[in-house]
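Contents: one structure, followed by commentary.
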Amino acid sequence: MRRPMSGPGSLQQGNIVARIDTLLGAMTLAEKIGQLNMAAGSGAVSGPGERVALEEGVRAGHIGSVLNVWGTQQVHALQRLAVENSRLRIPLLVGLDVLHGHRTIFPIPLAEAGLLDEGLWERSAAAAAAEAAADGINLTFAPMLDVSRDPRWGRIAESPGEDPYIAARFAVAKTRGFQGADLREAARVAATAKHLCAYGAVTAGREYAAVDTSMLSVHETYLPPFAAAVGAGVAAIMPAFTDLAGVPLTAHGELLENWLRARQAFAGVVISDYNAVSELINHGVAGDIVEAAALALRAGVDIDMAAGGYSRGLEQALQRGLISMAQLDRSVRRVLELKERLGLFAHPFARGESNPPPESRTLARELARRSIVLLTHRQPVLPLAPGLRRLGLIGPLAEDSAQMLGPWAASGSPREPVSVRAGLAAALPGCRIDCLEGYPLSDDGEPAIGAVEELCQEAELVILCLGEAAVMSGEAASRSHLGLPGGQRAIAEAALASGTPVVALLSSGRPLVVPWLIERAHAVLATWFLGIEAGHAVADVLTGQHNPSGKLTVSWPRAVGQLPIFYAQRPSGRPSRSDERFSSCYLDVPFTPQFHFGHGLSYSRFELQQLECSPLTVRSGGSFTVSVAVENQSDTAGETVVFLFVRDLVASVAQPVLLLKGWQRISLGARERGALRWNIPVEALRFIGRDLEPTLEPGRFEIHVGHSAASVERLACTIELSA
Ligand code: BGC
């Protein structure tokens, strides 16, 4: 189904269709297949021979798009071959992963999601798009929208967290930011929503492992972010590497054709993941590359990324009758349409001609400081006292600025980021800062316990800079132990035993399981991988220049055995109770997470009061309002996020004990009081029924408004949906 055309745009659209028809009519079979072939460029090309092959492929019309090539000179050289030296002069798509910034690296998505600020989510994508486009890129493989509930999986770092509603709003903001209102603008890039779908549910959190989750979960949890991205006009979709109950997503016609194209009216391009077409053989659903190529094309995968499977297999697939020319043409047409949408035929060199906007560094600092989550603040040691004279900085992440870039920063320079030490030194010129690595991040040394003890004795306060190396999260970075690597615990224990106040910073791409640290440090902050401005952002928060407001978009576990863990659990016949053995709980660890979804402290203290829902009885097609008073009970001005959850008490499919339906931010001065109000359409109470369709059933619904998903932090009222 194509989007309807009308008005002056339809004339232009008519011209485009005619141009594409003409091109299609003129193409040889090899040229058609070439349009579906995305080749890996410089980053993945190991020698001059491969570079020559790439250039020849472009010139011959056997390569229609490239990935991992960036920089104006490189991109334009290839583009020139395509538009000046290939027979039909069709421009190239030039793709790159721009997950959290391009040259200016921003916080990882898991951290940025915790801003809960759609305006900033969109601005960071727009800034990244402008930088990438200035480097010649016209397509990015982002946003990553995998709902992730298992931090053993390293790619949780790239994701917006555990909640489908947040992921859906993230999807819209990111798509808008990358693509803008008109994809022809030279500072915009086509976005790819990935990885459709349920990749986050890999067995035991193990990368690339099988996924066997119910279609109910698929529809209620994993697909909504993709539906939202499509609704926002996302240009491309990438199926996951993984399978879903035995059918690899790269060959999943039911989802790619029936759900994505027919139901969601997606008219864009489906791009396989890296080498995923040929991996259909490993999955055990294709006997050879010809079958693999045919399966993927039939399922609606238009572009084969880096497998060369379409180049090697599609011609024979046609001969064997496994695919039709119409199926092939359909995909070629979609690729050409995207090139038209991007304005590439008219202006193939527009991207790469202008400089990126200068504001990115300021934006990076704002995003980074807003991403920091104050997890605990047991003793009032923060913000740091202005008269502080001697600070100890201990841990492998104190000075290692390169790690701050995180796991996916292909085009960020490791020399650029501000380390924690540099940030604090700039913020505290009158304070002596003694720094000690204590234990190497490479995890191959002896913990320097004596030196730690000595430094702690001399310091007024110690800041522990602990966590993972950047390569320990992201793709192919699943972990089974989520504690601190190697001897980091030993140095932290030595600091905790010293009697000097300890503030711990946790740099990581996932929640870390460190209950012993959380229980004993004076304060603990999740500092993730904050990007290029990491050190300044940390200093802003520690000194109180910025009052923290970041929230967790994942539940933070106490033990690996609790995984997967997430707030939107279905109820049990024997609900979890700490005082009842025959309830849904563990013998050896509480059933609750260390920190609930939505948790994040501030230097201010906010209280919620007077929750009101009106009217108390609603009808289908109507709406209701929810209002709550928020009071800042402290002497510090601050900002917070308030969440709105719903619980459907009785339904034909048991509904989760809480489901997020909204949030709002509020800034309040010292002792100030404000109010928040939501208008919720009754439609928002729909759930996925047994027939996998959105369903609305009358009955009672609890409305919860809170600082987080923790029961002690919520107020609730009940409304009735009448028949
Ligand atoms: C990842 C994708 C990425 C692609 C291209 C793959 O390994 O799974 O997320 O877009 O590589 O870099």
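Give me the residue from region 70-98 that is under 30 Å from Glu468 (Cα atoms) and modelled with pLDDT of 95 or more and, out of that set, farthest from the chain's Cα centre (by Cα). Looking at residues that are under 30 Å from Glu468 (Cα atoms) and modelled with pLDDT of 95 or more, I get Gly95. Among the residues of region 178-201, just one is in a strand (DSSP E or B) and more than 14 Å from the chain's Cα centre (by Cα), namely Ala190.
Per the conditions (1) surrounded by 21 or more Cβ atoms within 10 Å (Cβ to Cβ); (2) of a type in the set (A, V, I, L, M, F, W, C); (3) under 22 Å from Thr192 (Cα atoms); (4) not assigned by TED's automatic domain parsing to the domain that holds Ala134, the sole criterion not satisfied by Phe345 is (1).
Based on this model, can you work out whether Ser401 counts as touching a Pro at 6+ places or on another chain (Cβ under 8 Å), among the hydroxyl-bearing types (Ser, Thr, Tyr) and touching a residue at least 60 places away in the same chain (Cβ under 8 Å)? Show your work before the answer.
Details: touching a Pro at 6+ places or on another chain (Cβ under 8 Å): yes; among the hydroxyl-bearing types (Ser, Thr, Tyr): yes; touching a residue at least 60 places away in the same chain (Cβ under 8 Å): yes.
Yes.
Looking at region 139-173, which of the residues that are assigned to a loop (DSSP other than H, G, I, E, B) and away from the ligand (no atom under 15 Å from the Cβ) is nearest to the chain's Cα centre (by Cα)?
So the first thing to find is which residues in region 139-173 are assigned to a loop (DSSP other than H, G, I, E, B), and the list is 141-143, 145-153, 159-163.
Narrowing the set further to residues that are away from the ligand (no atom under 15 Å from the Cβ) leaves 147, 149-152, 161-163.
On the way: Val147: 9, Arg149: 13, Asp150: 14, Pro151: 13, Arg152: 16, Gly161: 7, Glu162: 10, Asp163: 11 Å.
Top of the filtered list is Gly161.
From the list Phe266, Phe241, the one residue that fits, being more than 16 Å from the ligand (Cβ to nearest atom), under 23 Å from the mean Cα position of the chain (by Cα) and either under 26 Å from Gln13 (Cβ atoms) or assigned to a loop (DSSP other than H, G, I, E, B) (or both), is Phe266. Exactly one residue among Ser473, Ser478 is crowded, with 24+ Cβ neighbours inside 10 Å, at pLDDT 95 or above and within 16 Å of the ligand (Cβ to nearest atom), and that residue is Ser473. Arg206 meets the conditions (1) more than 19 Å from the chain's Cα centre (by Cα); (2) within 16 Å of the ligand (Cβ to nearest atom); (3) not acidic (Asp, Glu) in every case but one. The failed one is (1).
Let me confirm something: among Leu388, Leu382, Leu367, Leu374, which residue is at pLDDT 95 or above, part of a loop (DSSP other than H, G, I, E, B), under 29 Å from Pro593 (Cβ atoms) and out of contact with any His (no Cβ under 7 Å at 6 or more places or on another chain)?
Details: Leu388 fails: under 29 Å from Pro593 (Cβ atoms); Leu367 fails: part of a loop (DSSP other than H, G, I, E, B); Leu374 fails: part of a loop (DSSP other than H, G, I, E, B).
Leu382 is the lone residue from the list that is at pLDDT 95 or above, part of a loop (DSSP other than H, G, I, E, B), under 29 Å from Pro593 (Cβ atoms) and out of contact with any His (no Cβ under 7 Å at 6 or more places or on another chain).
Note on region 685-717: residues that are within 28 Å of Ser602 (Cβ to Cβ) and either modelled with pLDDT of 95 or more or in a strand (DSSP E or B) (or both) total 13.
Counting only residues that are of a type outside the set (Phe, Trp, Tyr), within 17 Å of Ala293 (Cα to Cα) and touching a residue at least 40 places away in the same chain (Cβ under 8 Å), region 230-264 holds 12 of them. Number of residues in region 382-393 that are more than 31 Å from the chain's Cα centre (by Cα) and closer than 26 Å to Val554 by Cβ: the value is 0.
If you scan region 518-541, which residues turn out to be under 27 Å from Ala426 (Cβ atoms) and either assigned to a helix (DSSP H, G or I) or of a type in the set (Asp, Glu) (or both)?
Those that are under 27 Å from Ala426 (Cβ atoms) and either assigned to a helix (DSSP H, G or I) or of a type in the set (Asp, Glu) (or both): Glu533, Ala534, Gly535, His536, Ala537, Val538, Ala539, Asp540, Val541.
Inclusion of Ser311 among residues that are among the polar types (S, T, N, Q) and within 16 Å of the ligand (Cβ to nearest atom) is not warranted.
Residues of region 281-322 that are over 30 Å from the mean Cα position of the chain (by Cα) and either outside the structural domain of Ala209 (by TED's automatic domain parsing) or buried (at least 22 other Cβ atoms within 10 Å of the Cβ) (or both): Ala286, Ile289, Ala294, Gly313, Leu314, Ala317.
The values are calculated or read from the model by the stated rules, or taken from the named source; none is laboratory data. Every value quoted in this text rests on a predicted model; they were computed, and no experiment measured them. Quick reminder, even Gly has a Cβ in these numbers, built from the backbone with ideal geometry, and neighbours come from all protein chains shown.
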